[in-house]
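Have a look at the structure below, then the notes.
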Amino acid sequence: MDPLAAGFWGAFFGTAALMFAISLAAFFRARRRVALLAALSAVVSAAFVVAYLGWLPVEGAPEARLLAHVAILAAAILAPLLLSLLGLLRERSIVVRTVWLFTAIAVLVIGVGWILEPTEALVVSWISTFSIGTVMMVIALRATARGNRLARTTVAGMSLMLLALGGLSWIALERSGSWPVHALSALAGMGFLSVMAYATWERFSYLLELSEVMAHGPSYDPVTRMRSHSETGQMVGDIFFHRDAEERPVGVLAVCIGNLYALENLHGRAAFNHALFICAGRLRRCVPQTVEMGRLGEDGFLLLTRSMEDLRGLEQLARDLRDQLTRPVNLSIGRSPGRIDARATGWVADVGIGVLSTTTKVRPAQAVGTVRAMARTAWTYATRIAFFDDKAGQIAELPVEAPLRVA
């Protein structure tokens, strides 16, 4: 094999190995159906390529029969997986019937092949495989017309798979195929695996989201993936109230975004939700695990901590939050996130952050109300961060360099 062609196929097998590793990660996260989908896509594709590149210890007529079997078996395995991605195999009875249907097709094609000459059997297998691929393409196109969110991805995957199958079939007929044919086939195979990995992740992330909703119910906010308003109240109670009467320090931060409602009035609720989603994601990425987070009204977030290390770093945490949340972002102003580039608007969050170091002796409602008022007052400050100045007895702007005193 040409060294350049070998390099392309090496990249293909690297992609297959990576996808198999992802499937193992999904398996250990108890998403076994998703793991099976990803693993079979990687293993079947790799086995198909190994056979059609002539790397198996068979030649002549036995090899032709083997390639015929490999082609139809690969189609019979991958077709149900693609139907599963489209969400057409939700019921167990439908899954069973589909598996039996493609098993019967594979057995029929293999049986007919043994009646024919090896080369003829290979041609019949190729025709059957391309026919299954064409039918799958039609199903995916119809699903696209119905608005299926993964249908276009499946169409792209099927197109790349058929392209790779055509190239490998040519390589199987002409063992001395030129490197461009190898390169095109390998790139199509990598494209197919990449599309399958993307679709698998879309399904995997959906199941993760669904498991969170099922676990927390109304206490889970699907927009921000945080505690909902009612659950935030429970979080505050858990932190401020203890079985013992010992006084404990508590750090309270409130983040309020002043221009969310203006964004909604200008561009609609979809843009509002997108902005809230982006802000919540940035919060989760920069907040320590010891800090509890939840929603605070429609335009804010509440953060609580009892860790002394976090209490000493409240000022720096507030500055990190401000820097992260005020980074510009392009927001979708339509209801279709896939068309974000077509209809988008630049937006910067007008953030106000209130920082309060208090104790469990203070009433929770008073602490939350105070820190929220501080966050709204911070909208008028250049630093966008406010704290309660004990000496002045009022809310003040947090100085640029002065450390925050912990009560």
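The values are calculated or read from the model by the stated rules, or taken from the named source; none is laboratory data. Quick caveat: nothing in here was measured; it's all calculated off a predicted structure. For neighbour counting, all protein chains shown are included, and Cβ atoms are generated from backbone atoms with ideal geometry for every residue, glycine included. Just so you know, the surface numbers come from the protein's heavy atoms only, side chains and all, with ligands and any DNA or RNA stripped out. Shrake-Rupley method; radii C 1.70, N 1.55, O 1.52, S 1.80 Å.
Which one of 164, 127, 86 is farthest out on the positive end of the charge dipole of the stretch 3-216, using unit charges on Cβ (Lys, Arg +1; Asp, Glu -1) and the Cα centre as origin?
86
About its Cα centre, how strong a charge dipole does the stretch 226-301 have in debye, to the nearest 20, once Lys and Arg get +1 and Asp and Glu get -1 at the Cβ?
Values: 8 positive and 9 negative charges, 74 e Å.
Rounded to the nearest 20 debye, it is 360 debye.
Sorting 261, 52 by accessible area (1.4 Å probe), largest first, what list results?
Per-residue accessible area, sorted high to low, gives 261, 52.
Just to be sure I understand the model, the point goes 7 Å from the Cα along the line to the Cβ. What's the resulting residue 114 to residue 298 distance in nm?
7.0 nm
Grab the Cα-Cα distance for residue 123 and residue 277, subtract it from 0.36 nm times how many residues apart they are, and report the gain in nm with one decimal.
The residue 123-residue 277 span can extend by a further 50.2 nm.
For the full complex of protein chains and a 1.4 angstrom probe, list 381, 198 by accessible area with the highest value first. Spell out each step's value before the answer.
Numbers: 381 40, 198 115 Å².
Heavy-atom accessible area, descending, gives 198, 381.
Taking 7 Å along the Cα-to-C-beta vector as the label spot, tell me the residue 361-residue 98 distance in nanometres, rounded to one decimal.
For residue 361 paired with residue 98, the spin-label model returns 6.4 nm.
Any idea what diffusion coefficient the stretch 3-216 gets from Stokes-Einstein, in µm²/s, Kirkwood Rh on alpha carbon pairs, 4 °C, 1.567 mPa s?
Roughly 72 µm²/s, to the nearest whole number.
Go through the stretch 283-300 residue by residue and turn each phi into a ³J(HN,Hα) via Karplus (6.51, -1.76, 1.60, θ = phi - 60°); whole Hz please, and just put x for glycine and proline.
4, 4, 6, 10, 8, x, 5, 7, 9, 8, 10, x, 6, 9, x, 7, 10, x
Once the whole set of protein chains is in place, how much accessible area is left on residue 144, using a 1.4 Å probe, in Å² to the nearest 10?
Counting only protein heavy atoms, residue 144 exposes about 40 Å² to solvent.
Could you order 295, 306 by accessible surface area, starting with the largest, using a probe radius of 1.4 Å?
I get 306, 295, largest accessible area first.
Just read off the accessible area of residue 238 with the full protein assembly in place, 1.4 Å probe, to the nearest 10 Å².
In the full protein context, residue 238 sits at about 90 Å².
Given the alpha-carbon gyration tensor of the stretch 48-113, what are the semi-axes of its equivalent ellipsoid in whole angstrom, ordered largest first, with each equal to the square root of 5 times an eigenvalue?
28, 14, 6
Using Cα-Cα distances under 8 Å and only pairs 6 or more residues apart, what relative contact order does the stretch 1-157 have, in percent?
On the way: 132 pairs, mean separation 32.0, N = 157.
Computed value for the stretch 1-157: 20 percent relative contact order.
In nm, to one decimal, how far is the residue 392 label point from the residue 202 one, both placed 7 Å along Cα→Cβ?
5.3 nm
Could you compute the FRET efficiency for residue 345 and residue 43, with r as their C-beta to C-beta distance and R0 at 35 Å, rounded to 0.05? Let's see the in-between values first.
Working: r = 45 Å, r/R0 = 1.27.
The calculated FRET efficiency here is 0.20.
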